[in-house]
1. Order these by the 10 Å Cβ neighbour count, fewest first: D69, D126.
2. Could you calculate the FRET efficiency of E15 with D215 from 1/(1 + (r/R0)^6), where r is the beta carbon distance between them and R0 is 51 Å, rounded to 0.05?
3. Rounded to the nearest 0.05, what FRET efficiency do N164 and I5 have when you use their Cβ-Cβ distance and R0 = 35 Å?
4. How far, in nm, would the chain grow between R173 and K200 when pulled straight, counting 0.36 nm per residue and subtracting the alpha carbon separation?
5. So what are the ³J(HN,Hα) numbers for region 110-124, from phi and the Karplus equation (6.51, -1.76, 1.60; θ = phi - 60°), rounded to whole Hz, Gly and Pro as x?
6. FRET efficiency for F191 and A150, Cβ-Cβ distance as r, R0 = 35 Å, nearest 0.05?
7. Taking the number of other C-beta atoms within 10 Å as the exposure measure, put T195, T155 in order starting with the fewest.
8. Counting Lys +1, Arg +1, Asp -1, Glu -1, what net charge surrounds D167 among other residues with beta carbon under 14 Å of its beta carbon?
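Read the figures in this text as sums done on the coordinates, not as results from a lab. Predicted model, so just to flag it, every value in this text is computed and none were measured. Because the Cβ atoms are built from the backbone with ideal geometry, glycine has one as well, and the counts that use them run over all protein chains shown.
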Amino acid sequence: MSEFILIPPVDEAQEFIEIANDFANPLDLVREAISNAFDAHATDIRLAFDVETVAGEATFVIRLTDNGDGMNRIGLQSFFGLGNSTRRTDRTTIGEKGHGTKVYFNAKKLVAETQRDGIRLIAILDAPFSKLHDRKIPEVLVREEPCETAATGTTITIYGYNNNRRDRFTHGRLKDHVLWFTKFGSIERQFGLETLLGVKLHLKGLDRDEFEILDFGHQFPSESKMSMRFLISTSYRHRITTVAAS
C-alpha cells in the first residue's frame with residue numbers, strides 16, 4: 001500500500017474568464033461600481049457612458065468616479081486580484097469576495113486612477129479579455145506619483161466593455177437599474193435611516209449630453225389622493241354587489 005498527496009490545480013485564466021462572464025445582465029457593472037463606491041465611503045458618485053473615437057474606432061467608454069477613500073498599493077492589488085478582498089472581515093461593507101470588479105475585465109482596456117495618502121496610482125491593463133482567452137494572466141502596469149492635493153478618490157475607465165455592445169446603456173435603463181437593483185435605490189430612508197442621505201449620484205447614459213443628479217434612496221411615486229383603505233373597501237363592495245346580482 002502507498003499514499004500520495006494530490007494538490008487540486010487551479011486554472012487561473014479560466015477562473016478569471018468565468019467570473020468576468022458571470023453577470024447575466026451587462027448593467028450589473030453599474031451595481032458593482034456603486035457598491036464599491038459605498039464601501040469606500042464616497043458621497044459623490046459619477047457614472048458616465050459615452051462613445052469615443054479611440055485609434056480610429058468608435059469605442060464604448062465607461063467612466064466610474066467616486067470621492068471615496070481611494071486605494072493604496074494593497075488595495076490596488078486586491079482590485080485586480082481574484083478572491084483576495086481587503087474587506088473580507090468587514091461586515092459593514094457590501095463586497096467581500098473579491099470577485100465583482102472582475103466584470104470590468106470584459107473589455108479591451110481598463111485604467112484605474114486612484115489617490116490616497118498623498119500618492120496617486122495609475123494602473124493600466126491592456127486587452128484583459130483577449131489575453132485571458134489566450135490562457136495568459138494579464139499584467140498591470142502601474143505608475144506612482146505624488147498628489148498635488150489631499151483629495152481622495154478613484155476613477156475607473158473601461159474601454160470596449162462587453163465587446164462594444166452598448167444598446168442597453170441608455171439613460172432610462174441605467175436610471176431604472178440604479179434605483180431598482182443597486183444600493184443607491186435602497187428603501188432604508190422609508191424606515192428613518194438617513195445615514196446616506198447626502199450621497200449624490202451623477203448619471204449620464206449614452207443618449208444624454210448632461211448629467212442627471214440623483215438623490216440617495218428609491219424614488220416612490222407621490223401618494224394617491226385615494227387611500228388604500230378606500231380602494232380596498234370599494235373593491236370589496238363591488239365584489240359583494242356582483243355576487244349578489246348573480
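1. On the way: D69 18, D126 15.
So the residues, fewest neighbours to most, are D126, D69.
2. Details: r = 39 Å, r/R0 = 0.76.
Calculated value: 0.85.
3. Values: r = 46 Å, r/R0 = 1.33.
In this case the efficiency is close to 0.15.
4. Details: separation 27, 0.36 × 27 = 9.72 nm, distance 1.86 nm.
Between R173 and K200, full extension yields an extra 7.9 nm.
5. 9, 10, 10, 10, 9, 10, 6, 6, x, 10, 10, 10, 10, 10, 10
6. Values: r = 36 Å, r/R0 = 1.02.
The computed FRET efficiency comes out at 0.50.
7. Numbers: T195 9, T155 15.
Ranking T195, T155 by Cβ neighbours within 10 Å, fewest first, gives T195, T155.
8. Values: positive: R165, R166, R168, R173; negative: D207.
Taking every other residue near D167 into account, the sum is +3.
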